[in-house]
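These notes are about the structure you will find just below.
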Amino acid sequence: MKFLYKILLWTIITMAAAFGFSGYFFVNFVFRTALNREIEQALDDSNILQFAFETAALNVPAKYDVLQDTAVEQIGSKLESGGQGSGRLLRLSNEDKQVIYASEGFPEEARLIGQVEENIRAYQIIPQGEHYYIQTGIMVNVLDRNLYLETMEDVTEVFAERTMGFSVYRKVTVVMLAVCSAVMYFICSWLTKPIRLLAGATRKMAEGNYGYRAQVVSNDELGMLTEDFNSMANVLEDTIGELQNEVRAREDFIAAFAHELKTPLTAIIGYADLLRSRKLDEEKHFLSSNYIYTEGKRLENMSFRLLDIIVTKREQIEAQPMAVQVLFQYLEDMFKANTQQKIGISYEPATVYGEVNLIKSVLLNLADNACKASAPGGVIEISGAKREEGYLFRVKDYGVGIPEKELKKVTEAFYMVDKSRSRSRNGAGLGLALCVEILRLHGSELHIESKVGEGTCISFCLPWERETADENSGTDET
Ligand code: ATP
Ligand code: MG
């Protein structure tokens, strides 16, 4: 059952109970008051009759000094003016409680005089067919006789009024319930609107519409709940977005990886097939074998790089103090044999924190990229300088440069601006992706500035703070 209908149903039940009980008590109260009034009236009447009887008895000529039963009968019939039609019935009984005179219609079985004593009046309510009567009993002392005088007053009207009161109240209750139910329906549907909107938003989100938000329509707890729900939905949407991006990146990575694997393998298989199926002259034989060797080397290089990235992604580094001289000396040694470009190295001596081999790998990658991008004779500047926030490494070349829209992509795995150019230089498009991972572990990142045709400057800053490196590395060195 809908929440709205539940509230409505319980409200109607509560209202019906409240109306019913209050109506019952009200009508009954009115009835009791009216009945008490009638009882008082009947008792007063009974007193008046007693007095009237005694007065009348005194006027009867006393034959034997005792009031005769016939005289009692006469007085009784005088006092009763017309019997049931007048609304008053009376009955007179002697000392032995035997009836001397009774009005027509006075019920025989209604005996009250057993409770009557001198100065003690009695009364009772008796139903008679469809009528109700108040029966009163009183003792009459006259001429040495103790007679019993009983009266009956018709109070059917009081009971009829009670029945009518109940009936009217029932009708009023039904009308009130109908009106209140209609009003409550609108109030309940207005109160439960935030819940409906929230449920709608939940359904939309469950259908995959993560951008859908519930409308806030109240300032109460339900409004707050809606706001909290929307905040939660924001966080969920962001997280789902991130996860989707990650999944997409992984798919791209796998697609690129498969492609990068396929190209050299196709060439290797092709050349190997050529070698085994035909007898080639010495030069072609050498060229084919050389192609297989270089492509195989490229594959090996690529698998090492991939392994490096995977390991770097998972592992934590052991940051240790290292003199930057060691790094720059390593670069000098590596590029000593390079006669193609003019490599200039300048740096300020300092001690930085990090893992020597990883930072060497980053610098080597950047310098290698610079060489690959530069024309023969091109200048490459490798420098190191102290900055407030850390030690700044820069590798600058005056080579082909990177188009602006490609700047963000070059750090993605397997991304190469000019694929054939990179492949021809044994590139796999993994170097910068590896650099990014290594620097992330050191609490740093790559900054790439480049202009097509003018050259590229790639820099990164290793923070001074040892804690920073440790935090990022996750190690707990003292
Ligand atoms: P690998 O480093 O895996 O051997 P790679 O050098 O091609 O191969 P990355 O180092 O990741 O791969 O570089 C990605 C791409 O970014 C390169 O293919 C190149 O197109 C571009 N690039 C990188 N550095 C430079 C630079 N200094 N000047 C011009 N383009 C660059
Ligand atoms: Mg590279």
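The values are calculated or read from the model by the stated rules, or taken from the named source; none is laboratory data. Quick caveat: nothing in here was measured; it's all calculated off a predicted structure. Please note: Cβ atoms are built from the backbone with ideal geometry, for glycine as well, and neighbour counts cover all protein chains shown. SASA here: full protein model, heavy atoms, side chains in, ligands and nucleic acids out. Shrake-Rupley method; radii C 1.70, N 1.55, O 1.52, S 1.80 Å.
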Unique match (being part of a helix (DSSP H, G or I) and not small (Gly, Ala, Ser)) among Leu35, Leu67
Leu35
Just the residues that are of a type outside the set (Asp, Glu) and within 12 Å of ligand 1 (Cβ to nearest atom), please, taken from region 448-465.
Ile448, Ser450, Lys451, Val452, Gly453, Gly455, Thr456, Cys457, Ile458, Ser459
Name the residues in region 25-74 that are at pLDDT below 80 and either charged (D, E, K, R) or in contact with a helix residue (DSSP H, G or I) (Cβ under 6 Å, 6 or more places away or on another chain) (or both), would you?
Val60, Lys63, Asp65, Leu67
Which ones in region 19-37 are open to solvent by 60 Å² or more (accessible area, probe 1.4 Å) and not hydroxyl-bearing (Ser, Thr, Tyr)?
Phe21, Phe25, Phe26, Phe29, Val30, Arg32, Asn36, Arg37
Considering (1) open to solvent by 70 Å² or more (accessible area, probe 1.4 Å); (2) assigned to a helix (DSSP H, G or I); (3) in contact (Cβ under 8 Å) with a residue 60 or more places away in the chain, say which one Glu318 fails and leave the rest.
(2)
Meets criteria (open to solvent by less than 70 Å² (accessible area, probe 1.4 Å), closer than 15 Å to Glu437 by Cα and within 14 Å of ligand 1 (Cβ to nearest atom)) for Leu306
yes
Might you check whether a residue that is surrounded by 14 or more Cβ atoms within 10 Å (Cβ to Cβ) and among the aromatic types (Phe, Trp, Tyr) occurs anywhere in region 277-288?
no
Meets criteria (modelled with pLDDT of 90 or more, within 14 Å of ligand 1 (Cβ to nearest atom), closer than 14 Å to Phe460 by Cα and surrounded by 15 or more Cβ atoms within 10 Å (Cβ to Cβ)) for Leu392:
no
Residue in region 331-339 that is assigned by TED's automatic domain parsing to the domain that holds Ile448, within 16 Å of ligand 1 (Cβ to nearest atom) and modelled with pLDDT of 90 or more present:
yes
Among the candidates Leu366, Leu392, residue that is assigned to a helix (DSSP H, G or I) and either touching a Lys or Arg at 6+ places or on another chain (Cβ under 8 Å) or assigned by TED's automatic domain parsing to the domain that holds Lys336 (or both):
Leu366
Within region 101-120, of all residues that are touching a residue at least 40 places away in the same chain (Cβ under 8 Å) and either crowded, with 18+ Cβ neighbours inside 10 Å or within 60 Å of the chain's Cα centre (by Cα) (or both), the one farthest from Ala71 (Cα to Cα) is Phe106
I'd like the full set of residues that are outside any helix (DSSP H, G or I), within 13 Å of ligand 2 (Cβ to nearest atom) and open to solvent by less than 20 Å² (accessible area, probe 1.4 Å), limited to region 400-443.
Phe414, Met416, Gly427, Ala428, Gly429, Leu430
Selection within region 121-164 - more than 27 Å from Thr55 (Cα to Cα), crowded, with 17+ Cβ neighbours inside 10 Å and among the β-branched types (Val, Ile, Thr)
Val155, Val158
Which members of region 344-368 meet the condition of being within 16 Å of ligand 2 (Cβ to nearest atom) and among the hydrophobic types (A, V, I, L, M, F, W, C)?
Leu358, Ile359, Val362, Leu363, Leu364, Leu366, Ala367
